[in-house]
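Worksheet: one structure, shown below.
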Amino acid sequence: MVPKPAPHSADPKADPSPRIALAHDWLVGLRGGELVLDAIVRTLAPIARIGPIFTMFDNREPLTPAIDALPRRASSLNRTPDRARRWLLPAYPAAVAQLSRKLARAHARDPFDLLISTSSSAIKNLRPPQGLPHLCYCHAPARYLWTRTDEYADASPLHALGLRAAGPALRAWDRRATRHITALLANSTHIQREIARVYHRESAVLHPPVRTHTFTPAHTPTNTPANTPANTPREAFWLVVSALEPYKRVDLAIEAALLAAVELRIAGQGSRAADLRRFADERARAAGHANAQAAGIRFLGRVSDADLIDLYRRARLLLFTQIEDFGIVAVEAQACGCPVVARAEGGAIDTVRAPTAGAFFNSPTPAAVAEAARTIDQHDPKTLATAARANAERFAEHAFNEGLLRAARALCPKLTSAPAAPVSRPPP
């Protein structure tokens, strides 16, 4: 259930409860960033007045009960059709400036005590009114400016032209505007290093919350603890859970599975779905099979949470072939007792424990992936599952809630004197 907010006076200005404004790049779907925003709201709602949420885009679709209960303030860019928004990158600074003015007017009517932004794009560059502390939870510096510019440019020649023309000014603005942030939280040590490299700022690491109460190991029907993995052996198939996009390197997972002659199940969808199916068929035929299906490569499409948990519980291992800022999938899998084979870069360095709960590969080649996967077979599956679950528990929601409160209270004295917020869980 959504936690009850702190009791407030009928007159907001007479209410002594701390008031917190939120900012989020866009509210157009429920993904990892929105789950972090939801956790922030549920953690702080019992002890403060929360909202509104300032955002560049808002399609008004339901997200979570906690987020949906809050008012939202969108920029004028929100009036553009969804399909046109990818062309609006040069207008982001103007949209953020407009939202800064909206924030200032709201602050003048009923002062805020703290601004919290969650961002992987531009909303962190809001200019708060003088004296209002700003805590930013940074998922990543803007990828289209700093780390994945080639992917953005490859979308079309016009994208490439626009990024070449506007990129230098946008990067200068993005770096300069971070001076309006009082304190930064990074979602991993990888992003902490990126913040230092790009913005020349220090940050503290606070890992995103993972639903370890939802993603759990299978357990026997007897009176065993819920975190005890089942005695039934895992199946032989490898698993990929990913958006089917170029940087996710699902192609590498396909080639590794074909090389190892192991069944691979791929859960997810994305812009490269058709291309990857063709790629899998071509590689399977080159390996002597009629097609990908005959070689054991199965594309499952989007799967429900229930089906995903079942896959995590039965797979021999999860392949995590991409470089992620954090990579919540790797933690969800381990929470279900599934060991992870990951590339030794990015957020996986924080989330995967090798050799007790997984394995790393350094070179992004099919042979390196297959060799790392073979090391999993040298360990007892039950021992791996127990270690994986124990590792995942480091990322449980209560750890995020406690870290968020520490960071928020360091900037907002009113929160320091507020009662402790209960640990809350989202509705199942």
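The values are calculated or read from the model by the stated rules, or taken from the named source; none is laboratory data. The structure presented is a predicted model; accordingly, all values stated were derived computationally and were not measured. Note: ideal-geometry Cβ built from the backbone for every residue, glycine included; neighbour counts use all protein chains shown. Just so you know, the surface numbers come from the protein's heavy atoms only, side chains and all, with ligands and any DNA or RNA stripped out. Shrake-Rupley method; radii C 1.70, N 1.55, O 1.52, S 1.80 Å.
Scattering from the range 107-146 was approximated by placing one identical point on each alpha carbon and applying the Debye formula without solvent; log10 I(q)/I(0) at 0.34, 0.36 1/Å stands at -1.16, -1.23.
Please pull out the direction-averaged projected area of the range 41-100, using the convex hull of its alpha-carbon atoms, in nm² to one decimal place. One quarter of the hull surface, i.e. the mean projection, equals 4.8 nm².
With the convex hull drawn over the C-alpha atoms of the chain, the volume per residue is 145 Å³. Under a model in which nothing but the beta-carbon of Lys, Arg (+1) and Asp, Glu (-1) is charged, the range 262-330 shows a dipole of about 260 debye around its Cα centre.
Per residue of the chain, the DSSP helices (runs of n ≥ 4 H) give a summed -39500 (n - 2.57) that works out to -11500 deg cm²/dmol at 222 nm. Dipole magnitude for the range 295-428: computed about the Cα centre from +1 point charges on Lys and Arg Cβ and -1 point charges on Asp and Glu Cβ, it is near 220 debye. Going by accessible surface with a 1.4 Å probe and the largest first, S242, S76, S271 read S271, S76, S242. Atom-type composition of the exposed protein surface of the range 68-110 places 53 percent of the accessible area on carbon and sulfur (1.4 angstrom probe). Taken about its Cα centre, the chain carries a charge dipole of about 1200 debye when Lys and Arg each add +1 at the Cβ and Asp and Glu each add -1 at the Cβ. Just want to confirm a number: the relative contact order over the chain, from Cα pairs under 8 angstrom separated by 6+ residues, in percent. So the answer I get is 15 percent. Axis angle, to the nearest 10 degrees, between helix 273-286 and the longest C-alpha principal axis of the chain: 20 degrees. How large, in percent, is the carbon and sulfur part of the accessible surface of the range 286-329 at a probe radius of 1.4 Å? Within the range 286-329, the accessible surface is 47 percent carbon and sulfur.
Sparse packing (at most 15 other Cβ atoms within 10 Å of the Cβ) combined with a DSSP loop state is found for the following GluC sites (Glu not before Pro) in the range 334-425: E345. Per residue, the chain exposes an accessible area of 44 Å² to a 1.4 Å probe, with every protein chain left in place. Relative to the first principal axis of the alpha-carbon coordinates of the chain, what is the inclination of helix 305-314, with its axis defined by its Cα atoms, in degrees from 0 to 90 and to the nearest 10? So the helix axis and the longest Cα principal axis differ by about 40 degrees. For E282, the accessible surface of its heavy atoms amounts to roughly 90 Å² (probe 1.4 Å, protein chains only, rounded to the nearest 10). Counting only protein heavy atoms and using a 1.4 Å probe, the accessible area of R175 comes to about 90 Å². Helix 189-199 and the longest principal axis of the Cα set of the chain meet at an angle near 50°. Global size of the range 347-406: 14.5, 45 Å for Rg and Dmax (C-alpha atoms, Rg to one decimal, Dmax whole).
Working from label points 7 Å from Cα in the Cα-to-Cβ sense, the R406 to K102 distance is 3.4 nm.
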